[in-house]
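Participant: Would you mind keeping the following structure in view while I ask a few things?
The values are calculated or read from the model by the stated rules, or taken from the named source; none is laboratory data. Source: prediction; values computed, not measured. Don't worry about glycine lacking a Cβ; one is built from the backbone with ideal geometry, like all the others, and counts go over all protein chains shown.
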Amino acid sequence: MPAAPAHRRDAAASEARRPSANPWKIDLRELGRRAGSMQELDRTIRAPEGWKVELIGVPADGDVRLDLRLESVMEGVLVSGEISVPLVGSCARCLEPVEDTLTLDIQELYAYEGSTTEATSEEDEVRLVEGDFLDLEPMARDTVVLSLPLSPVCDEDCGGLCVDCGQRIDDLPPDHAHEVTDPRWAGLAERLASSSGTPGDDDPTKEN
């Protein structure tokens, strides 16, 4: 079988090295390793699944807006700027739908392999430049998920739900209340209620 032409092999190898299908991976070859060089990144990427906690999170395929600056420093690449994501979920008090936008500041160092920063840091304490690329997704996911509220509310003054009828308190009239019966008299109250609804023989209006 004849060997593949050299130019085809080179093109395939180049394509394999370039993670163009992954918008979270950033090519650093233009930035270079000269300390002080800078590259700006303004990109909107679809959110993966799983960026959430129990009651709120980023909807899958929601727009993640990255407005970042990449700076080459001695130890690696310093990534700083803002990340903005949409949020959907439920109010922890009344369970009504909640929609919001979360904007967070980012500053993260991606260290070069073999740098002093990598050598003196635990494996899970430092992010690494992978060859000529860096992967923004793990950093973005951790930043967003760790900032999500565990008890989101539709409004800071949300009154929650009525413990007796389960309706939203903010939708009920101010004088909304439920009659409370002393449990010691509950049995008697039930008897009186049942007997009052059944005509008795002592009804003075009953004809013989």
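Participant: Do you know which residues across the stretch 130-165 are among the polar types (S, T, N, Q) and free of Cβ contacts under 8 Å to residues at least 60 places away in the same chain? Walk me through it before giving the result.
Facilitator: First, pick out the residues of the stretch 130-165 that are among the polar types (S, T, N, Q): 143, 147, 151.
If the condition is that a residue be among the polar types (S, T, N, Q) and free of Cβ contacts under 8 Å to residues at least 60 places away in the same chain, then 147 is the only one that fits.
Per-residue answers, yes or no, for (1) within 13 Å of residue 139 (Cβ to Cβ); (2) surrounded by fewer than 15 Cβ atoms within 10 Å (Cβ to Cβ); (3) without any contact (Cβ under 8 Å) to a residue 40 or more places away in the chain:
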position: 56; (1), (2), (3): no, no, no
position: 71; (1), (2), (3): no, no, yes
position: 75; (1), (2), (3): no, no, no
position: 83; (1), (2), (3): yes, no, no
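Participant: Can you report the number of residues in the stretch 104-129 which are part of a loop (DSSP other than H, G, I, E, B), in contact (Cβ under 8 Å) with a residue 24 or more places away in the chain and of a type in the set (A, V, I, L, M, F, W, C)?
Facilitator: 1
Participant: Given the criteria under 20 Å from the mean Cα position of the chain (by Cα) and assigned to a strand (DSSP E or B), does residue 78 qualify?
Facilitator: So residue 78 fails the test.
Participant: Pull up the stretch 109-136, narrow it to residues that are hydroxyl-bearing (Ser, Thr, Tyr) and within 18 Å of residue 39 (Cβ to Cβ), then point me to the one that is modelled with the lowest pLDDT.
Facilitator: Taking the stretch 109-136 as the starting set, the residues that turn out to be hydroxyl-bearing (Ser, Thr, Tyr) are 110, 112, 115-117, 120-121.
If we keep only those that are within 18 Å of residue 39 (Cβ to Cβ) as well, we get 110, 112.
On the way: 110: 94, 112: 90.
Residue satisfying both the conditions and the ranking: 112.
Participant: Test residue 97 against the criterion of being in contact with a Pro (Cβ under 8 Å, 6 or more places away or on another chain) and either surrounded by 13 or more Cβ atoms within 10 Å (Cβ to Cβ) or in the same structural domain as residue 28 (by TED's automatic domain parsing) (or both), and give yes or no. Working first, answer last.
Facilitator: Details: in contact with a Pro (Cβ under 8 Å, 6 or more places away or on another chain): no; either surrounded by 13 or more Cβ atoms within 10 Å (Cβ to Cβ) or in the same structural domain as residue 28 (by TED's automatic domain parsing) (or both): yes.
Spelling it out, it is not the case that residue 97 is in contact with a Pro (Cβ under 8 Å, 6 or more places away or on another chain) and either surrounded by 13 or more Cβ atoms within 10 Å (Cβ to Cβ) or in the same structural domain as residue 28 (by TED's automatic domain parsing) (or both).
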